[in-house]
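Single-structure report; data block below.
Nothing in this text is a laboratory measurement; each read-out follows from the coordinates by a stated rule. What you are looking at is a predicted structure, and each value in this text was computed from that prediction instead of being measured.
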Amino acid sequence: MSILKRPLPAQPMVSMLSSQWTGLWSQVKKDLESSWDCLDYISPYLDFQETDYYDQELGTPIQRLVISFESLLDPERLVDFKLMTNRIEADYTDLNGCRRVNLDPGLLFLERLVLATGKNYTHRIFLGQGVWADLTLVYQNSSWQSLPWTYPSYTRSSILDILNHLRRDYKLKLKSFNKIR
């Protein structure tokens, strides 16, 4: 029989897509911080060119920011995290009902990156309230490894470099967390 125990907290992060950064980013940042927690990392803007899936809704050219939050998060709260980002997305829809920002929340662990999504698929696990967990990347042999279903934009070296940075910061946070426990 396995011994059941609580997992370590995870590093919450969000991948944000938009083509309308001027004025929008400062307000979305304020909303994220007031709804969740202070940001501790904001990536440079990254061109998003792997697909045109979002072009009609978000406009072009689309760029991505990856952000992370100061406080670690109990993995059980991934559903709450996704519901919060969905509310913020809804606040930034235009008169035609199109989003001006796409927020993909996730949890970074030492061994994996899990994104929250509202879409079912073969490899996704239902968490509740319409939210599914998507195992996006695994960390093995000192690097991030993609999986057959990993979105191509998450395999770019610029994203992997950011995730490596977040993982290093997360390790430091875990050391502090373990001292407190």
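Checking the table LYS5/LYS173; LYS119/LYS175; LYS29/LYS175; LYS5/LYS175 against a 24 Å threshold on Cα-Cα, which pairs fail? LYS119/LYS175; LYS29/LYS175, as the Cα separations exceed 24 Å there.
3J(HN,Hα) couplings calculated from phi for segment 159-174 with the Karplus curve 6.51 cos²θ - 1.76 cosθ + 1.60 (θ = phi - 60°) are, in sequence order, 6, 4, 4, 5, 5, 5, 4, 4, 5, 4, 4, 4, 4, 5, 4, 5 Hz; Gly and Pro show x.
The phi-based Karplus calculation (6.51 cos²θ - 1.76 cosθ + 1.60; θ = phi - 60°) puts the 3J(HN,Hα) values of segment 56-71 at 5, 7, 8, x, 9, x, 8, 10, 10, 10, 10, 10, 9, 10, 4, 8 Hz, whole numbers, x for Gly and Pro. Residues whose amide H falls under 5 Å from that of LEU127, counting only those 5 or more places apart or on a different chain, are TRP132, ALA133, with hydrogens built in the peptide plane. Comparing ILE125, ILE67, ILE159 in a Gaussian network model of the chain where C-alpha atoms under 10 Å apart are linked, the largest mean-square fluctuation is found at ILE125. Amide H contacts for GLN145 (H built 1.01 Å from N in the peptide plane; partners 5 or more residues away or on another chain; cut-off under 5 Å): VAL138, TYR139, GLN140. For segment 11-180, averaging the sequence separation of C-alpha pairs within contact (under 8 Å, six or more residues apart) and dividing by the residue count gives a relative contact order of 22 percent.
For the chain, what does the helix formula give at 222 nm: sum of -39500 (n - 2.57) over DSSP H segments with n ≥ 4, over the residue count, nearest 500 deg cm²/dmol? Helices in the chain give a 222 nm mean residue ellipticity of -9500 deg cm²/dmol.
Here the Karplus curve 6.51 cos²θ - 1.76 cosθ + 1.60, taken at θ = phi - 60°, turns the phi angles of segment 128-143 into couplings of x, 6, x, 10, 10, 9, 10, 5, 9, 9, 10, 9, 9, 6, 6, 7 Hz, with x standing for Gly and Pro.
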